[in-house]
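The values are calculated or read from the model by the stated rules, or taken from the named source; none is laboratory data. Values in this document were obtained by computation on a predicted structure and should not be read as measured data. Note: ideal-geometry Cβ built from the backbone for every residue, glycine included; neighbour counts use all protein chains shown. Side chains included, ligands, DNA and RNA excluded: accessible areas come from the protein's heavy atoms. Shrake-Rupley method; radii C 1.70, N 1.55, O 1.52, S 1.80 Å.
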Amino acid sequence: MRLRFLYIAFICFFSQSFSQNYEAKVDSLMRLMTLQEKIGQTVMYSGHWDQTGPFVSTDNGKYIREGNMGAMLNAMSVKGTRDLQKIAVEETRLGIPLLFGYDVIHGHRTIFPINLGLSASWDLQMIEKSSRIAAEEASAEGIHWTFAPMIDVSRDPRWGRISEGAGEDVFLNNEIAKAYVKGFQGDDLSQPNTVLACAKHYVAYGAAQAGRDYHTTNMGEGELRNVYLPPFKAAIDAGVETFMSAFNELNGVPTSGNKFTLRDILKDEWNFKGLVVSDYTSINEMIQHGFAADSIDAARIGMNAGVDMDMMGHVYRLHLKKLVEENKVSEAFINDACKRILMAKFKLGLFDDPYRYSDEEREIKTAYQSEFLTEAREIAAASSVLLQNKNDALPLSKTSKTIAFIGPLVKDEYNIIGNWAAKGDRDGKAVSVFEGVSEYLKPKQILYAKGCDILKADTSGFEEAIRVSKQATEIVLVMGEDYHMSGEAASRTDLKIPGVQPELIKKIREANPNKKITLVIMNGRPLNLSEEVNLVDAILEVWFPGTMGGAATADLLFGEVNPSGKLTVTFPRNVGQVPIYYNMKNTGRPIPESNPKEDYKSNYIDIENTPLFAFGHGLSYTKFNYSDLKLSSNKLTFSNTIDAQVEVSNTGSKDGYEIVQLYIHDKVGSVTRPVKELKGFQKIYLKKGETKTVTFTVSVEDLKFYNSDMVYGVETGEFEIAIAPSSEFKFESSFTLIDQ
Ligand code: BGC
């Protein structure tokens, strides 16, 4: 005990003295800085637009020389960043190094599945690994800072940026946020293979009205605190160094000018000490929002609200000095912003050596290392979700006489790495599904037809596709969205598979009424597959699976890897159900199970309330059976915990992973509570025939929420509990929280 105490005291002393040390250094540096030089640190500008030389353009070179730039985005490569850094270090009065930031979102060179796909692995170690590899590759190219992770909870598949997040659930988003941050930042930021992470987009960006990007968000503070803020707090708990303020307005106040969320919550309540960068011109956009009169006003509002760095807007560079002189912005805010930015540079070790990320040898050998590709293949397979497998259509047999691979994405090496694919190569580096299946089949077993394009309304390839399908023993369709259809500014009102692809699916089924048909689907959002579920036997959701996506898909198709991914977002039956998510409220008129269509109940007259595929759903080539849920006690107190355990058996004929999920329902609250909430999960491996006892420990911490007075706490009473393979289950067990 004594030893442990001494150890903790030692660690605290040293970590404190390290950061105090930086602070002292920053303070003494800042004593030398003029107001305009401090403002210069708050300016971020682009590294590769308007360029005249390799990276140094007339504009950015000038701003750096004048001491009017603290950070750059989109500048990379060892040579490019070194050239720019050299100007900052050698040609400015104080030689303060620049920070180089870039969107490294789901991989840098080696691309992993899009983030929504990564979340479907429910595998925190894998997610951390993916961001660790991304950090290795990005930092080797001179990058210090990634604008990731995006941890916007989103429940609207119309919103294209749902692809960049971890889905609809708060608990899962929290855990995944921590994993990304750990992977990017590593254990020691002063190591040159780590990058600063950035929690974005703060906040509630994922709740854009009607799923339209950049649109208004409106919600009560309870919803904000219970659903949209927690992943950001989790990122802070994991040590995230930076935040990005978002584009959207929240309850009438743009989030890049929102004192309540930025200063009151983030900087005061949560005591966040890192830096806040605006999203791309989001400070300026307060003019269009109708919140700032002009760019001077926008600069004033942004800085006063707590945005430390202006990405691309030039409003801080141009106006802050005057605003301070006119007492419209306090100099203390500029000092605070500058200090946060300089602290980040100290933590990265840039004051010890501004060129520590400029190692040519490392740059050459880091990208696409074979172990990175191996990881990417495993992670892509773990991220795919087997949505349906009628008639055991999958796995395919390696000895099939012929398999027809049909669709615009069979040979694709371009869309497969998805949106926000950083420096991922779209010209031949990625493994297509065609290449992947060629590892398993001989050329004469493979038939191929493209059939159609993703988007063009051209059916001229149908005839050949149908002919090819008729020749085959089995059929695999590889279809989906174009990668531009998700990500930023890619909202859709129609969630169907785009173009004439659905028509081709119908035609192929008509021509082959008795053959097994599998649909491999690549997409960046939940799609409406209501028709396809009846036309094909199996559906394998691979998202945009990344550089090794085709190989991973083949591993799953042929059963070399048993699917284990589960949905982190609900798939609706049609767009009219949106937003639909598993943890909705009950309403005062929930539908009776015996008659879901009963009048004057909360239902639709034209469709069921249930989704097509629920949150947590995902099949395997084996079967798992859950039985014998036991609670160690049916009374929980404020000081004890209870164990909930269940027996999970692999009753099928293959070994496999299962994602076991813990759900709780607070039956009565001072504010209404969701019908169920994920509170834990475990990914377990079971050999065929094996049974494991899975235990979750529940404490009052798991039951806390913000009440109507915005007090975070628990309320006594009855809680239902279940351990289940997906969110589709009925509670059969409960415990009571008593005030002891
Ligand atoms: C996006 C951010 C991104 C930034 C920099 C913006 O348009 O909203 O997510 O980090 O650009 O590229």
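Would you please give the residues with an amide H less than 5 Å from that of HIS201, counting only those at least 5 places away or on a separate chain, with H modeled from the backbone geometry?
Those lying under 5 Å, H to H, from HIS201 are ILE151, ASP152.
Which whole-Hz couplings ³J(HN,Hα) result when phi for each residue of region 432-446 is put into the Karplus expression 6.51 cos²θ - 1.76 cosθ + 1.60, θ = phi - 60°, listed in order with x for Gly and Pro?
6, 4, 4, 5, x, 6, 5, 6, 9, 10, 7, x, 6, 7, 9
Is the C-alpha gyration tensor of region 428-469 telling us rounded, prolate or oblate? Criteria: a/c under 1.5 is rounded; beyond that, a/b larger than b/c is prolate, otherwise oblate.
oblate
GLU732 to THR399: extension gain in nm, 0.36 nm per residue of separation minus the Cα-Cα distance? It would help to have the intermediate numbers written out before the result.
On the way: separation 333, 0.36 × 333 = 119.88 nm, distance 4.55 nm.
Taking 0.36 nm per residue and subtracting the Cα distance, the gain is 115.3 nm.
Normalise the Cα radius of gyration of region 624-737 by 2.2 N^0.38 Å (N = residues in it) and let me know the number.
Numbers: Rg = 15.3 Å, N = 114, 2.2 N^0.38 = 13.3 Å.
Compactness ratio reported: 1.15.
Classify region 190-241 as rounded, prolate or oblate from the Cα gyration tensor: take a ≥ b ≥ c as the square roots of its eigenvalues, call it rounded if a/c is under 1.5, otherwise prolate when a/b beats b/c and oblate if not.
Details: a/c = 5.01, a/b = 1.91, b/c = 2.63.
Note, shape of region 190-241 comes out oblate.
Would you mind getting the accessible area per residue of the chain, heavy atoms of the protein chains only, 1.4 Å probe, in Å²?
Numbers: 28460 Å² over 740 residues.
About 38 Å² of surface per residue is accessible.
Quick one: in region 675-740, what % of C-alpha pairs are over 20 Å apart? Show your work: numbers first, answer last.
Values: 908 of 2145 pairs.
That fraction is 42 percent.
What is the distance in Å between the Cα centres of region 519-568 and region 338-366?
Taking the Cα centre of each part, region 519-568 and region 338-366 sit 40 Å apart.
Grab the beta carbon distance between ALA457 and LYS62, set R0 = 45 Å, and tell me the FRET efficiency rounded to 0.05.
Working: r = 49 Å, r/R0 = 1.08.
E(calc), rounded to 0.05, equals 0.40.
Once amide H atoms are placed 1.01 Å from N in the peptide plane, what residues at a sequence separation of 5 or more from ASN248, or on another chain, have their amide H within under 5 Å of its amide H?
Amide H neighbours of ASN248, under 5 Å, 5+ apart: THR255.
Less than 14 Å from a label point 7 Å out along the Cα-to-Cβ axis of THR693: which backbone N atoms in region 622-637 qualify, by residue?
Zone members listed by number: 627-633.
What does the C-alpha gyration tensor say about the overall shape of region 584-649? Classify as rounded when a/c is under 1.5, otherwise prolate if a/b is larger than b/c, or oblate.
On the way: a/c = 3.05, a/b = 1.48, b/c = 2.06.
Taking the square roots of the gyration eigenvalues as a ≥ b ≥ c, region 584-649 is oblate.
Give me, ordered by chain and number, the residues 5 or more places off LEU636 or on other chains with an amide H under 5 Å from its own placed amide H.
Residues meeting the amide H criterion: THR736, LEU737, ILE738.
Once phi is turned into ³J(HN,Hα) by the Karplus curve 6.51 cos²θ - 1.76 cosθ + 1.60 with θ = phi - 60°, what whole-Hz value does each residue of region 184-194 show in order, with x for glycine and proline?
5, 8, x, 8, 8, 4, 6, 6, x, 9, 10
Please sort by residue number the chymotrypsin sites (Phe, Trp or Tyr not before Pro) in region 689-740 whose DSSP state is loop and whose Cβ has at most 12 other Cβ atoms within 10 Å. Walk me through the numbers on the way to the answer.
Details: sites: PHE696, PHE705, TYR706, TYR712, PHE719, PHE729, PHE731, PHE735; in loops: PHE729, PHE731.
Those that pass, being in a loop and sparsely packed, number zero.
Divide, for region 368-577, the radius of gyration over alpha carbons by 2.2 N^0.38 Å, where N is the residue count. Walk me through the intermediate numbers first.
Values: Rg = 15.8 Å, N = 210, 2.2 N^0.38 = 16.8 Å.
Its radius of gyration relative to the 2.2 N^0.38 Å reference: 0.94.
Quick check on my link table: of LYS38/LYS347; LYS635/LYS683; LYS129/LYS566, which ones sit more than 25 Å apart, alpha carbon to alpha carbon?
Working: LYS38/LYS347 18 Å; LYS635/LYS683 27 Å; LYS129/LYS566 19 Å.
In this structure, LYS635/LYS683 lie more than 25 Å apart at Cα.
Which distance in nm do the two modelled labels at ASP294 and ARG212 give, with both placed 7 Å along the Cα-to-Cβ direction?
Using points 7 Å along Cα→Cβ, the separation is 2.9 nm.
List the trypsin sites (Lys or Arg not before Pro) within region 342-441 that DSSP assigns to loop and that have no more than 12 neighbouring Cβ atoms inside 10 Å. Walk me through the intermediate numbers first.
Details: sites: LYS345, LYS347, ARG356, ARG362, LYS365, ARG377, LYS390, LYS398, LYS401, LYS411, LYS423, ARG426, LYS429; in loops: ARG356, LYS398, LYS401, LYS411, LYS423, ARG426, LYS429.
Hits after loop and neighbour filter: LYS401.
Would you kindly derive the ³J(HN,Hα) couplings of region 425-430 from the backbone phi angles with the Karplus curve 6.51 cos²θ - 1.76 cosθ + 1.60 (θ = phi - 60°), listing them in order in whole Hz, with x for Gly and Pro?
7, 9, 10, x, 7, 6
Taking all pairs of different Cα atoms in region 82-160, averaging 1/r and flipping that mean, what Kirkwood radius in angstroms comes out? Can you show the working numbers first?
Numbers: mean 1/r = 0.0685 Å⁻¹.
Final number for the Kirkwood radius of region 82-160 is 14.6 Å.
Between region 93-165 and region 414-444, what is the separation of their alpha carbon centroids in Å?
21 Å
Provide, in order from the shortest bin, the percent of all Cα-Cα pairs of region 222-366 in each 5 Å bin, continuing until the bin that contains the maximum pair distance.
2, 10, 17, 20, 18, 14, 9, 6, 4, 1, 0
Kindly state, to the nearest 0.05, the FRET efficiency for THR587 paired with LYS623, given R0 = 30 Å and r defined as their beta-carbon distance. Display every interim value, and only then the final one.
Details: r = 35 Å, r/R0 = 1.15.
It comes to 0.30.
Cα centroid distance between region 609-645 and region 265-288, in Å?
Going from one Cα centre to the other spans 39 Å.
Ratio of alpha-carbon Rg to the 2.2 N^0.38 Å globular estimate for the chain, to two decimals, please.
Values: Rg = 26.6 Å, N = 740, 2.2 N^0.38 = 27.1 Å.
Scaled against compact globular proteins, the figure is 0.98.
Need the list of lysines near LYS200 for cross-linking: C-alpha distance under 19 angstrom, and skip anything on the same chain fewer than eight residues off.
Partners within reach: LYS178, LYS182, LYS233, LYS259, LYS267, LYS273.
Which semi-axes, in whole Å and largest first, does the equivalent ellipsoid of region 510-559 have when worked out from the alpha carbon gyration tensor as the square roots of 5 times its eigenvalues?
Details: eigenvalues 93, 47, 10 Å².
Semi-axes from the Cα gyration tensor: 22, 15, 7 Å.
Kindly report, to the nearest 10 Å², the accessible surface of ASP643 as traced by a 1.4 Å probe over protein heavy atoms only.
Estimated to the nearest 10 Å², ASP643 gives 60 Å².
Would you please calculate the Kirkwood hydrodynamic radius of region 506-649 over all C-alpha pairs and express it in Å, rounded to one decimal? Present the calculation step by step, with values, prior to reporting the outcome.
Values: mean 1/r = 0.0528 Å⁻¹.
For region 506-649, the Kirkwood estimate is 19.0 Å.
Give, in nm to one decimal, the length gained when the segment between ASP427 and LEU318 is fully stretched (0.36 nm per residue of separation minus the Cα-Cα distance). Don't jump to the answer; show the numbers that get you there.
Numbers: separation 109, 0.36 × 109 = 39.24 nm, distance 4.11 nm.
Residue separation times 0.36 nm, minus the Cα-Cα distance, leaves 35.1 nm.
Could you work out how far helix 2-32 tilts from the main Cα principal axis of the chain, as a 0 to 90 degree angle to the nearest 10?
The angle comes out at about 60 degrees.
In nm, to one decimal, how far is the modelled label at GLU91 from the one at TYR685, with both set 7 Å along Cα→Cβ?
About 5.5 nm separates the two model spin labels.
Can you tell me the orientation of helix 501-511 relative to the chain, as the angle in degrees between its alpha-carbon axis and the longest Cα principal axis, to the nearest 10?
Relative to the chain, helix 501-511 is tipped by roughly 20 degrees.
Starting from the 7 Å offset along Cα-to-Cβ, what nm value, one decimal, do you get for the label separation of GLU718 and PHE260?
Distance between label points: 3.6 nm.
Give me Rg over Rh for region 93-244, both radii from the alpha carbons and Rh done the Kirkwood way, two decimal places. Don't jump to the answer; show the numbers that get you there.
Values: Rg = 15.3 Å, Rh = 15.5 Å.
Reported Rg/Rh, Kirkwood definition of Rh: 0.99.
What is the helix-to-structure angle for 124-139, meaning the angle in degrees between its Cα long axis and the longest Cα principal axis of the chain, kept from 0 to 90 and rounded to the nearest 10?
So the inclination is approximately 50 degrees.
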